[in-house]
Amino acid sequence: MASTVALIGHGSFGMERYIRWQNSLLAPPDLARSRFVEIPALHQTGLYRTATLRDALGGYRDLPSWPIDQDLWLRWFQAGLKCGKLPDPPLYLWRQHEKQSTRTHGRCSLENMRGSKVHFLLREGGPAHGRAIVLYSVKKTLRAWQADLEAAGATVLHAFDWHPKGALPALPADKVVAGAPRPVRLFCYGSVGVRDYVAGLVGDDWDAGLDWMAA
């Protein structure tokens, strides 16, 4: 079980927006579904069983290639574990300062965070393991996701440079393979408002196992 968070110290609009989003995730399915967007809870707010953290997951991993907390949560949910969050009031005050590793450490770069998400999307037990991917995003973000996915061995059936307006673009007929498993649809947008709009636009056609938000 984790808790919501309040910020103290050096603030920024981006971090405040991020914490508002994170604090909105309370139920275990919401945290699990959001893990490819950003970390859905601060690991330091959690209370975990030792056997789960140490024996089932092998503890924390001090990796040079991507953030420790993101690695923990991606492994946690990949293993089928659950975590919920206590609602307000926040039980943890997260002190912000200009030199904190979240802002300065190389493994917290956008490229490294995206690399960790790609790894866990595609590995055994991940939602895109053994499936083709249809990618939706815009411009530089779209190109970066497509390049990383394909470098990791994924089949990207089509990459839509799509600003979420109007109808969701359909997969071109020449990319549809009869009898093939339905591809994973990956929507990569940084704005929570845009992600909410996309989810509403897809509506009843949303498949919780095959449709995923990322950022």
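Distance cut-off 28 Å, Cα to Cα: go down the list Lys85/Lys139; Lys140/Lys175; Lys82/Lys139; Lys140/Lys165; Lys85/Lys117 and report the pairs above it.
Lys85/Lys139; Lys82/Lys139
Would you mind getting me the FRET efficiency between Leu86 and Leu168? Use the beta-carbon distance for r and R0 = 45 Å, nearest 0.05.
About 0.80, to the nearest 0.05.
Give the order of Phe187, Phe160, Phe77, Phe13 when sorted by the count of other beta carbons within 10 angstrom, beginning with the fewest.
Lowest to highest Cβ neighbour count: Phe13, Phe160, Phe77, Phe187.
Please give the net charge around Val5, taking every other residue with its beta carbon less than 12 angstrom from that of Val5, where Lys and Arg add +1 and Asp and Glu add -1.
Around Val5, the charge tally is +1.
Can you tell which of Arg114, Arg131, Arg95 shows the greatest fluctuation in a Gaussian network model of the chain with Cα springs below 10 Å?
Checking each option, the largest mean-square fluctuation is seen for Arg95.
Please sort by residue number the GluC sites (Glu not before Pro) in segment 74-158 whose DSSP state is loop and whose Cβ has at most 10 other Cβ atoms within 10 Å.
Glu98, Glu124
Determine the calculated [θ] at 222 nm for the chain from helices alone, applying -39500 (n - 2.57) to every DSSP H run no shorter than 4 residues and normalising by the residue count; nearest 500 deg cm²/dmol.
-9500 deg cm²/dmol
Could you tell me whether segment 125-214 comes out rounded, prolate or oblate from its Cα gyration tensor? Rule is a ≥ b ≥ c as square roots of the eigenvalues, rounded for a/c under 1.5, then prolate if a/b exceeds b/c, otherwise oblate.
Numbers: a/c = 1.45, a/b = 1.21, b/c = 1.20.
In terms of gyration-tensor shape, rounded.
Gaussian network model of the chain, Cα springs within a sub-10 Å range: biggest mean-square fluctuation belongs to which of Val177, Val202, Val156?
Val177
Taking the chain as a Gaussian network, Cα atoms linked when under 10 Å apart, which of Trp21, Trp66, Trp145 shows the biggest mean-square fluctuation?
Looking only at Trp21, Trp66, Trp145, the largest GNM fluctuation is found for Trp21.
If we count other beta carbons within 10 Å of each Cβ, what is the order of Met1, Met113, fewest first?
Least to most surrounded, the residues fall as Met1, Met113.
Using only Cα atoms, tell me the angle between helix 13-23 and the longest principal axis of the chain; keep it within 0 to 90° and round to the nearest 10.
Value to nearest ten degrees: 90.
What residues have an amide H closer than 5 Å to that of Ala214, excluding those fewer than 5 places away on the same chain, when H is modeled at 1.01 Å from N in the peptide plane?
Result for Ala214 returns Phe187, Cys188, Tyr189.
Here, each number is a calculation from the coordinates, and none is a lab measurement. Everything quoted here is computed from the prediction, not taken from an experiment. Because the Cβ atoms are built from the backbone with ideal geometry, glycine has one as well, and the counts that use them run over all protein chains shown.
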